[in-house]
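Enquirer: Have a look at the structure that comes next, please.
The values are calculated or read from the model by the stated rules, or taken from the named source; none is laboratory data. Please read these numbers as outputs of a predicted model, since none were measured by experiment. Virtual Cβ from ideal backbone geometry, glycine too; neighbours counted across all protein chains shown. Heads up: the accessible areas ignore ligands, DNA and RNA and are worked out on the full protein's heavy atoms, side chains in. Shrake-Rupley method; radii C 1.70, N 1.55, O 1.52, S 1.80 Å.
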Amino acid sequence: TTFSSGLTAMEKKLAEYKCNTNEAIQLKLVRFPEDLEDDNTTFNPEYTHQVFGDDEVAFGYKGLKILLYYIAGNLSTFFRIEYTSKVNEKFDCVEADDVESKIREIIPPGFCTNTDDFVSLLEKEVNFKPFGMLLHTYSIHNEEAGEDITYQIYKADMTCPGFREYHERLQTFLMWFIETASFIDVDDERWNYFLVFEKYNKDGATLFATVGYMTVYNYYVYPDKTRPRVSQMLILPPFQGEGHGAQLLETVHRYYMSSPTVLDITAEDPSENYVKLRDFVLVKLCQDLLCFSPVKLMQGFSQEMVTEAQQKLKINKQHTRRVYEILRLRATNMGDAEQSRSYRLDVKRRLIGPYKKKKRELAKMRRCLRPEEMTNQLNQIDLSMQREHLEESFQQLVSDYRRVLERLAQA
């Protein structure tokens, strides 16, 4: 027994040396030297599992702090690890995680390790200018500052001097804020990069701060078209919730709209938040098209909608269908039994598509499966379950759609 109790004491001791990496990592976007000392400018990752494993823990330290500070515009990086104590192989017979090499794997070389160097780089920031071609300028009223702040969206590529190195620093943020992030192959010329910057003043000069960005890959479509696919999109946390995502996505759509070789725009494995954002932007773009007039909406989804949305706005068929459902919801009086029933049937008919497909597949399987295997398969799609699931999906959609319409009403 003495042995087992000794073990728990040891375990207890070692448990004190576990740190949650989502809290340990402290990020900053620095504009002024005083930002370094200001806790209000610090933000933390949402995810660290890609770097520190699924439990998002670093072992071997007490009071671990992983400082990753970036200069607001060109993202020059300061990296330092601090802790109050560390396990020692000699005494504790265990080794601390090599936190430094884990971080070094994702941040490019050439970072600062002391604050003096970092502050002297900060003084050169006045020379930093956005990369590429200006596509769009907009302003948002900032309550805190009590003034309008101006933002600009640029399209860049790897031929812009300094952009390759800048992008290497920028993409490190993906690891902390996109659950399934991966770095892209920048030598592939079919990537387009769209960047958002904020203009701000410092000592009478105008400087630029990085707000967020989007990468888009141009897929080739036979014989002479391309289909741009949104791959990654990130608005940095200090700027989230201010409407930049919508500005960026709309600007990118407008950029491709002017190109005759673009067929339509898609997205790779979109997150829920991205889908909500896209619904809003596409509905905003489509609401004035003639094919989406209330009269036509009430007649149902049509090929005319598909063609017009694709030709004029580069929106693909699947997304056009969602736009139609959202706009039709707006035109429908859900208090009217007949109107609401007709709407519900229309949406559910689309939702039931995958079930019907599964049924057809089952019919095929029925020809080649033993009866007991078959009942097993059939039990999985019990009809009453299917109805319940359908109703649930429908209610969820309607509440998502309503949120899009609320945002539209405020826009």
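Enquirer: Evaluate the following for residue 87: is it at pLDDT below 95, more than 22 Å from the chain's Cα centre (by Cα), among the β-branched types (Val, Ile, Thr) and crowded, with 19+ Cβ neighbours inside 10 Å?
Expert: Numbers: at pLDDT below 95: yes; more than 22 Å from the chain's Cα centre (by Cα): yes; among the β-branched types (Val, Ile, Thr): yes; crowded, with 19+ Cβ neighbours inside 10 Å: yes.
In short, yes.
Enquirer: Same structure, new question: Hey, among the residues in the stretch 53-66 that are open to solvent by 10 Å² or more (accessible area, probe 1.4 Å) and hydrophobic (A, V, I, L, M, F, W, C), which one's nearest to residue 123 (Cα to Cα)?
Expert: Only one residue fits best here, namely 64.
Enquirer: Is there a residue being outside any helix (DSSP H, G or I), farther than 22 Å from residue 406 by Cβ and hydrophobic (A, V, I, L, M, F, W, C) anywhere in the stretch 325-337? Walk me through it before giving the result.
Expert: Of the residues in the stretch 325-337, the ones outside any helix (DSSP H, G or I) are 332-336.
Cutting the leftovers down to farther than 22 Å from residue 406 by Cβ gives us none.
Looking through the stretch 325-337, none of the residues is outside any helix (DSSP H, G or I), farther than 22 Å from residue 406 by Cβ and hydrophobic (A, V, I, L, M, F, W, C).
Enquirer: Of the residues 361, 372, which is of a type in the set (Asp, Glu), assigned to a helix (DSSP H, G or I), at pLDDT below 85 and open to solvent by less than 90 Å² (accessible area, probe 1.4 Å)? Outline the logic, then answer.
Expert: On the way: 372 fails: open to solvent by less than 90 Å² (accessible area, probe 1.4 Å).
Matching residue, one of 361, 372: 361.
Enquirer: Can you list residue pairs whose Cβ atoms sit under 7 Å apart, with the first residue in the stretch 379-402 being aliphatic (A, V, I, L, M) and the second being in a loop (DSSP other than H, G, I, E, B) and modelled with pLDDT of 80 or more? Count only pairs 6 or more apart in sequence or on different chains.
Expert: Between residues of the stretch 379-402 that are aliphatic (A, V, I, L, M) and residues that are in a loop (DSSP other than H, G, I, E, B) and modelled with pLDDT of 80 or more, the close pairs are 390/352.
Enquirer: Quick one: would you say residue 174 is of a type outside the set (S, T, N, Q) and buried (at least 20 other Cβ atoms within 10 Å of the Cβ)?
Expert: Details: of a type outside the set (S, T, N, Q): yes; buried (at least 20 other Cβ atoms within 10 Å of the Cβ): yes.
Here the answer is yes, as residue 174 does meet what is asked.
Enquirer: Moving on. Can you work out which of the residues in the stretch 19-38 that are open to solvent by less than 30 Å² (accessible area, probe 1.4 Å) and over 23 Å from the mean Cα position of the chain (by Cα) is farthest from residue 209 (Cα to Cα)?
Expert: 19
Enquirer: Out of the stretch 31-50, which residues are among the aromatic types (Phe, Trp, Tyr) and over 16 Å from residue 72 (Cβ atoms)? Walk me through it before giving the result.
Expert: Residues of the stretch 31-50 among the aromatic types (Phe, Trp, Tyr): 32, 43, 47.
Result: 47, single match.
Enquirer: Something else about it: How many residues does the stretch 301-330 contain that are surrounded by fewer than 16 Cβ atoms within 10 Å (Cβ to Cβ) and either among the small types (Gly, Ala, Ser) or at positive phi (or both)?
Expert: 1
Enquirer: Could you run through the stretch 250-277 and say how many residues are among the polar types (S, T, N, Q) and open to solvent by 40 Å² or more (accessible area, probe 1.4 Å)? Even if it seems obvious, please write down each step before you answer.
Expert: We begin by selecting, within the stretch 250-277, every residue among the polar types (S, T, N, Q); these are 251, 258-259, 261, 266, 271, 273.
Now restrict to residues that are open to solvent by 40 Å² or more (accessible area, probe 1.4 Å): 258, 261, 271, 273.
Summing the residues that are among the polar types (S, T, N, Q) and open to solvent by 40 Å² or more (accessible area, probe 1.4 Å) in the stretch 250-277 gives 4.
Enquirer: Kindly provide the set of residues from the stretch 143-162 that are assigned to a loop (DSSP other than H, G, I, E, B), open to solvent by 40 Å² or more (accessible area, probe 1.4 Å), on the phi < 0 side of the Ramachandran plot and not aliphatic (A, V, I, L, M), ordered by number.
Expert: Matches in the stretch 143-162: 143, 144, 157, 159, 161.
Enquirer: Using the structure shown, decide if residue 349 is in contact with a helix residue (DSSP H, G or I) (Cβ under 8 Å, 6 or more places away or on another chain) and in a helix (DSSP H, G or I).
Expert: Details: in contact with a helix residue (DSSP H, G or I) (Cβ under 8 Å, 6 or more places away or on another chain): no; in a helix (DSSP H, G or I): yes.
Spelling it out, it is not the case that residue 349 is in contact with a helix residue (DSSP H, G or I) (Cβ under 8 Å, 6 or more places away or on another chain) and in a helix (DSSP H, G or I).
Okay, residues lined up against (1) in contact with a helix residue (DSSP H, G or I) (Cβ under 6 Å, 6 or more places away or on another chain); (2) charged (D, E, K, R); (3) assigned to a loop (DSSP other than H, G, I, E, B):
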{"site": "218", "(1), (2), (3)": "no, no, no"}
{"site": "227", "(1), (2), (3)": "no, yes, no"}
{"site": "230", "(1), (2), (3)": "no, no, no"}
{"site": "242", "(1), (2), (3)": "no, yes, yes"}
{"site": "246", "(1), (2), (3)": "yes, no, no"}
{"site": "249", "(1), (2), (3)": "yes, no, no"}
{"site": "252", "(1), (2), (3)": "no, no, no"}
{"site": "256", "(1), (2), (3)": "no, no, no"}
{"site": "259", "(1), (2), (3)": "no, no, yes"}
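Enquirer: With the structure loaded, tell me whether residue 62 is farther than 30 Å from residue 129 by Cβ and outside the structural domain of residue 167 (by the TED database) or whether it fails that test.
Expert: Working: farther than 30 Å from residue 129 by Cβ: yes; outside the structural domain of residue 167 (by the TED database): yes.
It is true that residue 62 is farther than 30 Å from residue 129 by Cβ and outside the structural domain of residue 167 (by the TED database).
Enquirer: Is it fair to say residue 48 is more than 22 Å from residue 195 (Cα to Cα) and modelled with pLDDT of 95 or more? Break it down stepwise before answering.
Expert: Numbers: more than 22 Å from residue 195 (Cα to Cα): yes; modelled with pLDDT of 95 or more: yes.
For residue 48, the condition - more than 22 Å from residue 195 (Cα to Cα) and modelled with pLDDT of 95 or more - is met.
Enquirer: Might you let me know whether the stretch 316-323 holds any residue that is β-branched (Val, Ile, Thr), modelled with pLDDT of 95 or more and in a helix (DSSP H, G or I)?
Expert: Taking the stretch 316-323 as the starting set, the residues that turn out to be β-branched (Val, Ile, Thr) are 320, 323.
Next cut, modelled with pLDDT of 95 or more only: 320, 323.
Cutting the leftovers down to in a helix (DSSP H, G or I) gives us 320, 323.
Looking for residues that are β-branched (Val, Ile, Thr), modelled with pLDDT of 95 or more and in a helix (DSSP H, G or I), one finds at least one in the stretch 316-323, hence yes.
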